Every structure is written in C-alpha cells, then in structure tokens.
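The values are calculated or read from the model by the stated rules, or taken from the named source; none is laboratory data. The structure presented is a predicted model; accordingly, all values stated were derived computationally and were not measured. Using ideal geometry, Cβ is built from the backbone for each residue, glycine included, and neighbour counts are taken over all protein chains shown.
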Ligand code: HPA
C-alpha cells in the first residue's frame, strides 16, 4: 500500500475482485442518505462486504450510511457495484476518502457511475418532497477538489446528457436541476439558501460533486439523481433534521429502487 490515491484504489479494486469473485464491474451506484433501501431492487446479491475489508476505506460515520459494498448481478446481466453509504467531506478525513469509492470502482472496470443523494429543494414552488430530480450540473461550494496539480479537466458535461435521456425514457416527466454542494455538516442558513436560489441552484446537499469530478477524471460517464427530502432551510419555516431525510428515503425506497433498476437495465 502507498499514499498514492490511485495506487490505493488499484489495491482496493484487486481486493474487491477477490472478495466478490467478480472480475470486472460495469456500473457503480452510490446510495446516498435515504437511498440505501432502494438498493434491494437492483438485482441478485452476489456478495456483500463491509467497506473496511478493502484498503483505503474508513468506517461509516453517519446513521443511514451503512458503509457496505454489495456486488449485484442485474436483470440484464450486468455486474453492479453498490456502495451502501459514502464518505462525506464533513467527516474531516480530507477529500481522498470521499472519492476513493468511485476511484476503486473505476479501477474495477466501471464505465458508468450513478450518484444518488438526499437534497434540500430550493424551488418548493415546483418541487415536492419525495420527488427525484436529475442533476444537470453542479456548483461546488465545498471549497475542495479531488484533483491537484495541472489537471485542468473539462467539466462542460459532468452529468451525461445521454444518461439523462435514458432516465427520461423510464420517467419522461422527471425534472432536472443544478445541485449545489456545501461542505456541511450543518444544514444551510436561510440566507445561504436564498443565495443558492439566486446563483441558479435547484437542489442543495453535502455530497456528489467531488465524486462526480473524480469519476469524470477517471473517464466514467456520470448520472446524478437527487431525492428531495425537504425544502431548503427557511423556505417553509420548519427546522430541518436528519431523521426526516431518512424517513423520506424509506417512504420512497420502492419507487426509487424500481427507477434505478429500470435505468441500470437500459445501460
Ligand atoms: N441541505 C443539505 N443537505 C441536505 C438537505 C438540505 O436541506 N436535505 C438533505 N440533505
């Protein structure tokens, strides 16, 4: 093992192949807060391991983020790698653990990365709690970037148009929007939420953007989907809490699972 993040991801991919008995994966899905129960719809579980069995992964820090990796054979015969939970920047471990899963998946052969999250809705005029929204683009306000040095990679189309169109074949009415990421762990202030609306955001959260950048750097196509679990702070006057976020996930798991299963089968 070395300190080089790509070497660490290569090591983790080798260990992953050994632990699951699968030599190459086609697609990786990262299940965000509230999305974990939806994973059960994706296909037949071939193996499931704690992330900590692989080099470079740290234990789950957040309730609802299970910290396990599941290898699944989908209905269409694809090998899917499902991360039941993710590492967040707010855990204070730096940026590399946040993107290690995506890098490991890419080293394990994955060409498509599906990033899901729970998000606050910035447009309660048109958005409903429990609605899934395609991420069309992002604004990274985390102050972090997984890349260092002269890696001036193009981010014109972080979230693949092709994959968004494919989702729309399943759910023609699905809205799309711009996801804004903060570092967290606090939820935003009402003033920050107003700023997010002004600068063109539609959803707000604490994940996804760094993984999306790492996936693009690794050459994978990215699909991002937010589950709106609450209106952003101050938009309706209710305080926010993590239990509510998980609750919406549980209530929508069957619907989100069916959606992801259909999308993965079309890949
Ligand atoms: N803000 C940030 N992250 C979130 C929110 C929110 O309102 N809801 C779920 N995750």
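Of the set (1) part of a helix (DSSP H, G or I); (2) in contact with a strand residue (DSSP E or B) (Cβ under 8 Å, 6 or more places away or on another chain); (3) more than 14 Å from the ligand (Cβ to nearest atom), all apply to residue 193 but (3).
Which ones in the stretch 115-132 are in contact with a helix residue (DSSP H, G or I) (Cβ under 7 Å, 6 or more places away or on another chain) and away from the ligand (no atom under 12 Å from the Cβ)? If the condition is that a residue be in contact with a helix residue (DSSP H, G or I) (Cβ under 7 Å, 6 or more places away or on another chain) and away from the ligand (no atom under 12 Å from the Cβ), then 115, 130, 132 are the ones that fit. Looking across the stretch 205-252, the residues that are within 13 Å of the ligand (Cβ to nearest atom), surrounded by fewer than 20 Cβ atoms within 10 Å (Cβ to Cβ) and either part of a loop (DSSP other than H, G, I, E, B) or modelled with pLDDT of 95 or more (or both) come down to 234, 235, 236, 238, 239, 240, 241. Among the residues of the stretch 73-106, those identified as buried (at least 21 other Cβ atoms within 10 Å of the Cβ), in contact (Cβ under 8 Å) with a residue 60 or more places away in the chain and more than 16 Å from the ligand (Cβ to nearest atom) are 80, 81, 99, 100, 101, 102, 103, 104, 105, 106. With the structure loaded, tell me whether residue 184 is within 16 Å of the ligand (Cβ to nearest atom), within 17 Å of the chain's Cα centre (by Cα) and in a loop (DSSP other than H, G, I, E, B) or whether it fails that test. Yes. Considering 211, 217, which residue is under 23 Å from residue 26 (Cβ atoms) and in contact with a helix residue (DSSP H, G or I) (Cβ under 6 Å, 6 or more places away or on another chain)? Result of the check over 211, 217: 211.
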